[in-house]
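Structure, as structure tokens:
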Amino acid sequence: MFDRRYLVALVVLSCTAILASNSTAGVLVTTPPGDGVSGNGQSEAPFNLRGDGNGNRYQQVYSASFFAGVGPLQSISSVAFRPKQGAFGSFISSTVTFDNLIVNLSTTPRTPTIDFRNGISSDLDLNPGADSQQVFGGPITLTTDRLLFDSDVEDFDFKIAFQTPFLYRPSLGNLLLEVIVPAGVSASSNFTRLDTIIGGVSSFPGATGMASARDANLTDGISIGSNTRTGLVTQFETEAVPEPATAAMFIGMVVLVGVQSRRRRKRA
């Protein structure tokens, strides 16, 4: 007679294999040009106008293809940017502090272009998807070990760990990041630049898959700003999430063990 212990062991091993095949813990997804390669531009966005009374709203769309190798359903838990040495050694500080910063993520049908039909729009209200979710909100200090006149490519030191992870399914659309410095927020720093790539420059490899938009005045009641093919070089921390079918299979196996156990007790 088949021993129940063997059946339980088989279920446990099977479920472990299923869960392992559907999970990828702590994957770092880095946008072009990738680790160790500097972008072809630099920008203060999204942290420019910090402390400005009008506030600042920045959006960037990322191609879903960046996340294709992780899994069909993912949990994104952080975003990070890297400092960039400005011209003439203009990187003059390593820290920026906000008493309030808001970060949202969503799945968007907008493409990483500035095409007026379906690219990222200069009307920022048109870009977020229906699943828009605030993943971070509150005070934050961002810092780096980078020093004045450092010339090497730096790490992704300006990291924002999310308070609430975002569930993302790349098959449903591209990823939209939104960073908001609310009007009237106080900030302290003489922080300058982040590494970027400028799209449309054919001589620069990998300068595709991202586009951005920004509104530098949140007090005028108008959501229209400007859009550009420039994008921040970005690193996301994400991991695959087991599909609902996997959970159903697990439950089914547990039920099977229970049924087999009851049948044996009745025979006894």
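Read-outs throughout are calculated quantities, based only on the coordinates presented, and are distinct from any laboratory measurement. Just so we're clear, the structure is a prediction, and the values are computed from it rather than from any experiment. Cβ sites come from the backbone with ideal geometry, for glycine too, and all protein chains shown count toward neighbours.
A few notes on this one:
- In terms of other Cβ atoms within 10 Å, K159, K84 run from fewest to most in the order K159, K84.
- Ordered by the number of other Cβ atoms lying within 10 Å of each residue's own Cβ, fewest first, V27, V179 fall into the sequence V27, V179.
- Fewest-first ordering of V233, V135 by other beta carbons within 10 Å of each residue's beta carbon gives V135, V233.
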